[in-house]
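The values are calculated or read from the model by the stated rules, or taken from the named source; none is laboratory data. All values derive from a computational prediction rather than experimental measurement. All Cβ positions, glycine included, derive from the backbone under ideal geometry; neighbour counts span all protein chains shown. To get the accessible areas, we keep the full protein, side chains included, count just its heavy atoms, and leave off ligands, DNA and RNA. Shrake-Rupley method; radii C 1.70, N 1.55, O 1.52, S 1.80 Å.
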Amino acid sequence: MHAHLADQYQAGQSLAHQLDPRVKVVAATLLILLLNLTPAGVWPAYLLLLAVVVALVIFAEINWWLVLRRSALVLPFALAAATLIFTVPGRPIWRLPVTGWTATLPGLTRFISILLKSWLSVQVAIVLAASTRFADLVWALQALRLPALLVSTFSFM
Amino acid sequence: MAHLILASSFLSPPALHIPDGFLSLPVAIVGWLLAAVIVRWALRRTGEHLGERQVPLMGVLAAFIFAAQMLNFPVAGGTSGHLLGGALAAILMGPWTATLIMTCVVAVQALVFQDGGLLALGWNTLNMGVLTAFTGYFVYRGARRGFGASQAGSVGAGLAAGWLSVMVGAAATAVELAASGTSPLSVALPAMAGVHALIGIGEGLITASALALIGRSRPDLLQAGASSTAGRPAAARSAAALWVVLLLALLLVAISPLASDRPDGLEWVAKQEGFGDRALDPSYEVLPDYSAPFVENQTASTILAGVLGVLVVTGAAYVVGQMRRRRERTQG
């Protein structure tokens with residue numbers, strides 16, 4: 001399990017590390033917003049977004065293994081969306097033995113799209129957390145007009 | 001579908017931290033707006049009551065809950081759960097301060113640990129912060145009135161508050177996933193309610209034992225939360241609120257069999273995907289056995305699933321209600 005707030009930061013000298021934390025917080029939020037605006041099944045767009053995320057990880061000089069390991073965090077949640085494979089109406093593609101459930105193509109498309117969005121979004125957030133010290137993150141939030149009481153509670157955590 | 005619910009309830013961990021990608025953008029934005037309004041209101045409320053000295057206490061409590069959320073306890077069937085802490089914070093500090101504490105906890109989890117998404121942060125704050133704090137607080141106050149002022153009464157009230165706060169948070173999460181078209185309500189709600197009926201017991205036990213410990217060592221801390229809404233007929237109001245919350249939980253569960261009246265129980269998805277391609281599709285022949293049992297099978301099993309969920313939650317709520325009533329009778 002994660003032990004401490006400071007553990008998430010990966011010391012480094014990359015451009016991503018030196019970027020203004022305010023810019024990083026806003027950019028990460030916008031990128032995640034963009035990711036979530038992508039409609040299901042537009043695979044070229046997902047490929048492009050994957051390239052952007054990969055570029056980010058290279059740019060921030062963060063260990064690949066670390067990003068992959070931490071991004072597995074969203075996998076258990078995928079189960080919530082897995083039901084879509086069988087419940088979205090559409091062209092049947094496969095039948096689950098014993099249970100008699102039928103997987104449909106639109107269902108599978110939606111499921112994979114949700115999984116990709118979620119996995120890419122979490123990697124953006126990982127890059128943000130791994131390239132920004134907690135204190136800088138709190139400072140950035142304060143600069144972005146987060147209320148003072150919340151900021152002081154953060155700093156006591 | 002019933003198999004799927006059982007499978008998902010045994011495999012998935014306590015999935016209350018919604019990651020990005022699982023909520024549709026409109027749903028996420030509504031969550032952010034709601035959370036912003038409520039947190040702003042909480043800031044104003046606590047600004048009136050909170051002394052400078054209480055800010056460190058808030059921070060310490062936030063850090064404590066943050067740490068406690070990392071400790072998983074095993075739940076029957078191979079899942080594990082962890083403390084949410086909203087009810088405990090609300091009982092100690094009052095619901096508005098607890099809302100702020102939980103907002104900080106959930107925000108740090110999202111920002112630093114990617115436990116829960118950034119777009120989903122609005123709903124995650126509402127589910128795990130606002131809803132657990134207010135449910136916990138009012139159930140505690142109401143049950144406290146029923147159980148009496150004894151130490152045992154406090155423990156019982158803490159147990160009920162912890163359990164129900166988790167159930168309300170879980171039900172809300174299921175509704176949000178369904179509204180996003182990520183998981184049909186007839187699957188998500190019974191699955192979430194089922195798993196969290198067990199996890200909630202852990203929450204209740206930890207809340208109750210923390211209260212017992214604090215009541216023994218620092219009884220003055222237990223007064224802090226009580227005084228934060230002083231000046232109102234709080235007891236009567238919280239008893240009413242307890243029943244409102246119970247009814248709300250039952251109502252949410254009651255929606256699930258209603259939703260499965262439709263062939264697939266999936267209004268949102270059906271609307272988005274359209275029914276057209278299903279009827280026009282020539283590849284029906286690929287699966288010869290497909291056509292006949294599909295719809296009926298699914299309807300039957302979603303109704304079964306809904307009924308199971310209703311039974312679980314109704315039964316649990318009934319037991320809590322009975323406990324409370326019996327206490328009330330012996331008291332008065």
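For the range B:172-188, putting each phi into the Karplus relation 6.51 cos²θ - 1.76 cosθ + 1.60 with θ = phi - 60° gives couplings of 4, 4, 4, 5, 5, 4, 5, 5, 7, x, 8, 8, x, 4, 5, 9, 5 Hz, in residue order, rounded to whole numbers and with x for Gly and Pro. Think of it as helices only: each DSSP H run of n ≥ 4 in chain A is worth -39500 (n - 2.57), and spread over all residues that comes to -20500 deg cm²/dmol at 222 nm.
What separates the Cα centres of the range B:29-48 and the range B:169-183 is a distance of 21 Å.
Legend: P(r) of the range A:43-86 from all alpha carbon pair distances, 5 Å bins from 0, whole percents, reading 5, 17, 16, 20, 23, 11, 5, 1, 0.
For peptide A:102-110, the mean count of partner chain Cβ atoms within 10 Å of a residue's Cβ comes to 3. Relative to the dominant Cα principal axis of chain A, helix A:134-143 is inclined by about 90°.
Of the peptides B:119-132, B:136-149, A:63-76, A:130-143, the order by per-residue mean of other Cβ atoms within 10 Å, starting with the highest, comes out as B:119-132, B:136-149, A:130-143, A:63-76.
Can you tell me, using C-alpha contacts under 8 Å and at least 6 residues apart, the relative contact order of the range A:19-156 as a whole percent? Contact order relative to length: 34 percent. Size descriptors for the range A:19-156 (Cα atoms only): Rg and Dmax, in that order, 18.6, 58 Å. Principal axis extents of the C-alpha atoms in the range A:17-96 (largest first, rounded to whole Å): 51, 24, 19.
Need the C-alpha centroid separation for the range B:96-117 versus the range A:79-109, integer Å. So the two Cα centres are separated by 35 Å. Accessible surface of A:Phe77, taken over heavy atoms with a 1.4 Å probe and every protein chain present, rounds to 10 Å².
Taking amide H positions as modeled 1.01 Å from N, with prolines and chain starts lacking one, the residues under 5 Å from B:Gly81 and 5 or more places away or on another chain are B:Phe73, B:Val75. Modelled spin-label separation between B:Ser217 and A:Ala72, with each label point placed 7 Å from Cα along the Cα-to-Cβ direction: 3.6 nm. With the convex hull drawn around the C-alpha atoms of the range B:77-203, the volume per residue stands at 110 Å³.
Taking amide H positions as modeled 1.01 Å from N, with prolines and chain starts lacking one, the residues under 5 Å from A:Ile93 and 5 or more places away or on another chain are A:Ala103, A:Thr104, A:Leu105.
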